[in-house]
1. Is there a residue being within 16 Å of the ligand (Cβ to nearest atom), closer than 21 Å to A:His197 by Cα and free of Cβ contacts under 8 Å to residues at least 60 places away in the same chain anywhere in the stretch A:84-98?
2. Would you say B:Thr149 is closer than 26 Å to B:Ala81 by Cβ, away from chain A (no Cβ under 14 Å) and buried (at least 17 other Cβ atoms within 10 Å of the Cβ)?
3. Got a sec? Which of B:Glu266, B:Glu303 is within 16 Å of the ligand (Cβ to nearest atom), out of contact with any helix residue (DSSP H, G or I) (no Cβ under 6 Å at 6 or more places or on another chain) and away from every other protein chain (no Cβ under 14 Å)?
4. Among A:Glu40, A:Glu36, A:Glu71, which is away from chain B (no Cβ under 14 Å), under 30 Å from A:Ala224 (Cβ atoms) and acidic (Asp, Glu)?
5. Return yes or no: is B:Gly108 within 15 Å of the ligand (Cβ to nearest atom), facing chain A (nearest Cβ under 10 Å), outside any loop (DSSP other than H, G, I, E, B) and closer than 27 Å to B:Met188 by Cβ?
6. For the stretch B:190-208: of the residues being assigned to a loop (DSSP other than H, G, I, E, B) and closer than 21 Å to B:Val57 by Cβ, which is farthest from the ligand (Cβ to nearest atom)?
7. If you scan the stretch B:247-258, which residues turn out to be exposed (fewer than 14 other Cβ atoms within 10 Å of the Cβ) and touching a residue at least 24 places away in the same chain (Cβ under 8 Å)?
8. When residues of the stretch A:187-213 are filtered for being touching a residue at least 40 places away in the same chain (Cβ under 8 Å) and more than 14 Å from chain B (Cβ to nearest Cβ), how many remain?
Amino acid sequence: MAEQAQAPMPSAAAPAPESPATPATVRMTYREAVREAIREAMHADPRVFVMGEDVGAYGGCYAVTKGLLTEFGPERLRDTPLSESAFVGAGIGAAVGGMRPIVEIMTVNFSLLALDQIMNTAATFLHMSGGQCNVPVVIRMTTGAGRQLAAQHSHSLEGWYAHIPGLRILAPATVEDARRMLAPALADPDPVLLFEHALLYNVSGDVPPADAFVPFDRAIVRRAGHDVTLVTYGGMLARTLEAAERLAADDGIEAEVIDLRSLRPLDEATILDSVRRTHRAVIVDEGWRSGSLSAEIAARIAEQAFFDLDAPLRRVCSAEVPMPYARHLEQAALPQVDGILAAVRPLVTR
Amino acid sequence: MTVLTPPAPEREQDRGRAIARLTSMLRIRRFEERCGELYQDEKIRGFLHLYIGQEAVATGVMSCLRADDAVVATYREHGHALARGISADAIMAEMFGKVTGTSRGRGGSMHLFDTATRFYGGHAIVGAGLPFAIGLALADRLQGRDRVTACFFGEGAVAEGEFHESLNLAVLWQLPVLFCCENNLYAMGTEIAHEQAETDLALKAAAYRLPSWPVDGMDVDAVESATRRAVAAIRAGEGPHFLELRTYRFRPHSMFDPGLYRSADEVAQWMTRCPIATYSARLRAAGWLDDDTLAGIEQAAREEVEQAVTFAEQSPWEPMDDLLRFVTSEEVRHG
Ligand SMILES: Cc1ncc(C[n+]2csc(CCOP(=O)(O)OP(=O)(O)O)c2C)c(N)n1
């Protein structure tokens with residue numbers, strides 16, 4: 001990843017807000033929202049600093065931290081060498097040493113070079129030390145496909161991280177969540193990983209006042225419905241909502257759309273409550289299907305709401321192939337609106 | 001090498017420090033020997049890596065650190081923990097898996113922790129402690145504190161990417177880290193010449209442009225004086241330093257090691273350089289140590305170890321209901 005993602009993106013826009021903006025509501029892009037959240041955190045707490053590859057002079061590979069070097073200087077906006085393991089580990093150590101680091105990793109694919117530090121150090125320290133060493137580090141990274149970046153820059157591996165006890169995994173899907181999730185993540189005494197879908201950075205949306213923010217460990221029903229529950233998160237939220245609108249318009253099917261927001265811990269109550277009302281569920285996840293987050297959600301529904309189901313569980317996931325470069329192949333590999341429609345329609349007979 | 005002259009009244013302090021070093025090494029030796037027995041008795045389980053032979057390193061380095069400095073160590077860290085001032089009781093109880101252990105029985109021999117003495121593990125992924133250590137040092141730098149972080153690792157870790165990433169970053173950012181490479185010539189059964197293209201590790205580290213010194217790790221005075229110099233320089237803001245502490249482990253890598261890769265002759269040769277025996281002899285020659293003093297040190301060490309065993313034996317287990325505690329801080333509070 002050597003470019004800033006400044007060019008217009010294929011649309012992944014969330015639907016327009018239903019209520020007119022109140023004076024305190026601000027409109028901005030997802031990128032600006034993350035930047036504002038970082039700036040606010042750095043002003044609020046001198047222990048907060050940012051570290052990662054090209055976050056300073058270059059402005060961030062997705063331009064998230066653009067301008068912050070001038071504002072905060074190189075001590076608090078630290079460019080690192082290409083040493084994912086060392087600078088993620090340094091973030092963990094600095095967190096234990098009393099700082100509140102925000103570590104940026106260019107993409108989730110590169111986070112694998114730091115996987116040992118995340119898994120074997122950040123996630124285990126509190127436990128291995130018998131409760132002595134909590135690790136208040138925040139690690140942000142880009143995830144997801146859709147920009148023809150092929151098989152080493154495009155995967156959605158957040159589900160892997162959601163496997164690990166000791167980590168909190170967040171996937172802000174809206175501009176509001178991008179703006180508001182960082183502060184509670186920094187306040188969390190334990191390691192938090194924030195996954196930002198690459199296609200969301202250029203999306204604009206409203207940010208209501210801070211007191212309207214729903215706690216970051218709660219899933220949110222983004223669209224109410226009674227015929228089927230669509231469970232999704234992150235980059236797939238917009239197209240799942242689009243599919244729900246199509247189902248309503250074309251089929252008269254009212255789908256309820258749940259945005260997980262937190263992938264670990266999972267807000268089971270919100271998922272199960274919805275499924276108990278709709279009696280059907282489809283999980284939409286950009287990750288692969290095998291051994292995945294979507295499998296986990298399906299299993300939990302089956303374990304706890306099996307007798308509430310009127311139809312088999314379904315999943316819409318990425319094709320089990322390393323992400324191809326050519327646009328038509330990449331699009332074919334990813335969950336699409338048509339695929340969601342095809343999964344939902346046979347479940348709901350009317 | 002410190003040359004000792006006969007004691008004069010003004011040398012009394014030096015004598016006290018020398019006796020303290022000998023005492024520390026002997027404590028570690030007796031503790032480790034007893035751990036080996038307790039492993040045979042199946043009181044200690046899992047992996048157990050004994051420090052016997054390398055006592056001069058932990059002893060010499062720790063004697064130069066302040067209470068507010070930090071220590072990051074490996075799975076072969078009982079000696080470091082003892083020398084840092086963690087109680088033998090808590091260390092032994094940890095190995096027994098008891099709730100009174102340093103990590104409430106959740107870490108075991110390889111994961112000793114004690115935030116009170118700023119002892120941050122106990123890292124059993126080879127090389128993984130280095131990035132963590134530079135993070136601690138970065139926190140000190142950013143908060144304007146003149147603390148030093150001492151990071152211990154074996155020569156095997158020098159082949160890991162983390163070693164290179166961390167030295168580079170520490171030098172770029174001039175972080176207050178003392179890298180303590182304990183070169184005992186073998187990474188499990190792999191001798192250094194089979195895994196390092198450049199076996200002079202001080203020379204290799206110097207490529208990262210930090211002061212980098214080979215030190216006789218079998219001589220506690222040599223370790224102490226090199227560390228004292230390095231720590232003073234680091235505290236004065238001169239950036240990270242690297243010590244290659246040349247030493248040898250007398251025992252197998254762990255309790256599972258059949259020892260096929262080195263000859264009994266070689267081990268015997270190195271044992272003639274036992275850091276405790278040679279140091280005792282030196283102190284005797286200087287007139288600083290006599291039979292009674294040595295017997296007193298021995299007895300105190302044995303009593304401390306036996307007391308630790310009794311403490312560990314009599315300590316309770318963590319209740320099973322607490323299995324899921326310490327996964328997140330919330331579970332720590334609610335437990
Ligand atoms: C990343 C990793 N690879 C392999 C191992 C298995 N292992 C444990 S100790 C060890 C040898 C390390 O040797 P060295 O760093 O010289 O330290 P010593 O054991 O001699 O103290 C190996 C290979 C491990 N724990 N971590």
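The values are calculated or read from the model by the stated rules, or taken from the named source; none is laboratory data. Worth saying up front: this structure is predicted, and the values here are computed from it rather than measured. Positions of Cβ are generated from backbone atoms using ideal geometry, with glycine treated the same way; all protein chains shown enter the neighbour counts.
1. For the stretch A:84-98, residues within 16 Å of the ligand (Cβ to nearest atom), closer than 21 Å to A:His197 by Cα and free of Cβ contacts under 8 Å to residues at least 60 places away in the same chain: present.
2. no
3. Exactly one residue qualifies, and that residue is B:Glu266.
4. After ruling out the rest, the residue left standing is A:Glu36.
5. No, not satisfied.
6. Only one residue fits best here, namely B:Asp200.
7. Across the stretch B:247-258, the qualifying residue is only B:Phe256.
8. Result for the stretch A:187-213: 16.
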